[in-house]
Amino acid sequence: MKLFLRDILFIFLAALLISFLIKTFLIRSFYIPSESMMDTLHVNDRIIVNLLEPDLVPIEHGDVVVFTDPGNWLLGTEKPVQQNPVVAGVDAVLGFVGLSAPDSDDHLIKRVIGLPGDVVACCNDFGQLTVNGVPLEEPYIEIGDRTKATEKDFTVTVPEGYLWVMGDNRYNSADSSYHYSGDPDAPGTAFVPVKNVVGRAVLVTWPLDRWTWLDNYPLVFRGVDAAKG
């Protein structure tokens, strides 16, 4: 009996260790706290994030990335309701092995529109974003009855080591365009450092009826790299 219990304990600890290593180096779970990525992602969707990007796998146009706050982007956002100690404890244990995401509210999630060196502008005569002069036909965005891909007009060059990111819910997303000061020489905190990226969101896992792979729409950004100056 003692040997059996020892083996069970060993298997349990080994499973915890393997889960922790997977969560630390390969994938982990996050939940979506806001509507900024509608209709691609809904509030309280659970997603799987590939942690190999950007350290081992390069970031690409169209990737949906999770990142830490580049500079007061989370300032003024609604704080999560405090959990009771039991629920918080369970959430912490699940978070340790990557099955929960108690720190999701400390992260943001947006779509990568501009990579380092890209010139991103809004908008052309058809209300489209352009990247390096290439207009984007964006099937993933939510703009209601508006005629422009985003509210602000801008032309920016993405600095080395940074990204220009935008929410799919363009008129309800505190993204790069929202934080852009309007002055190309003093853009504020509009750009997200690549080093802040935790990983790429690849899969919606919950609710089950929304289970789906997350596309980065390579055809939308076709020709963008070739057009870079």
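What are the residue pairs meeting all of these: first residue in the range 129-146, first residue closer than 14 Å to V165 by Cβ and in contact (Cβ under 8 Å) with a residue 24 or more places away in the chain, second residue surrounded by 19 or more Cβ atoms within 10 Å (Cβ to Cβ) and among the charged types (D, E, K, R), Cβ atoms under 6 Å, and 6 or more apart or on different chains?
Hits for this filter: V131/D118; Y140/D168; I141/D168; I141/R170.
Quick one: would you say T212 is under 17 Å from V64 (Cα atoms), polar (S, T, N, Q) and open to solvent by 50 Å² or more (accessible area, probe 1.4 Å)?
yes
Checking P54 against (1) open to solvent by 60 Å² or more (accessible area, probe 1.4 Å); (2) at pLDDT below 85; (3) under 23 Å from G114 (Cβ atoms), only one condition comes out false. Which one?
It is condition (1) that P54 fails.
Would you confirm, using the coordinates I've provided, whether R210 is basic (K, R) and closer than 27 Å to N50 by Cβ? Step through it out loud before you land on a result.
Working: basic (K, R): yes; closer than 27 Å to N50 by Cβ: yes.
Against the criterion (basic (K, R) and closer than 27 Å to N50 by Cβ), R210 qualifies.
Among residues belonging to the range 182-209 that are free of Cβ contacts under 8 Å to residues at least 24 places away in the same chain and more than 23 Å from V119 (Cα to Cα), point out the one that is least open to solvent (accessible area, probe 1.4 Å).
L208
Assess whether D69 counts as being crowded, with 20+ Cβ neighbours inside 10 Å, at pLDDT 90 or above and not aliphatic (A, V, I, L, M).
no
When the residues of the range 25-43 are narrowed to those that are over 16 Å from G167 (Cβ atoms) and either at pLDDT 90 or above or aliphatic (A, V, I, L, M) (or both), which ends up surrounded by the fewest Cβ atoms within 10 Å (Cβ to Cβ)?
Result: L26.
Pairs only if they're at least six apart or on different chains, beta carbon under 9 angstrom, first in the range 216-228 and open to solvent by less than 90 Å² (accessible area, probe 1.4 Å), second among the aromatic types (F, W, Y); list them, first residue then second.
Y217/Y140; V220/Y140
The values are calculated or read from the model by the stated rules, or taken from the named source; none is laboratory data. Values in this document were obtained by computation on a predicted structure and should not be read as measured data. Cβ coordinates were reconstructed from backbone atoms using ideal geometry, including for glycine residues, and neighbour counts include every protein chain displayed. With ligands, DNA and RNA removed, areas are computed over all heavy atoms of the protein, side chains included. Shrake-Rupley method; radii C 1.70, N 1.55, O 1.52, S 1.80 Å.
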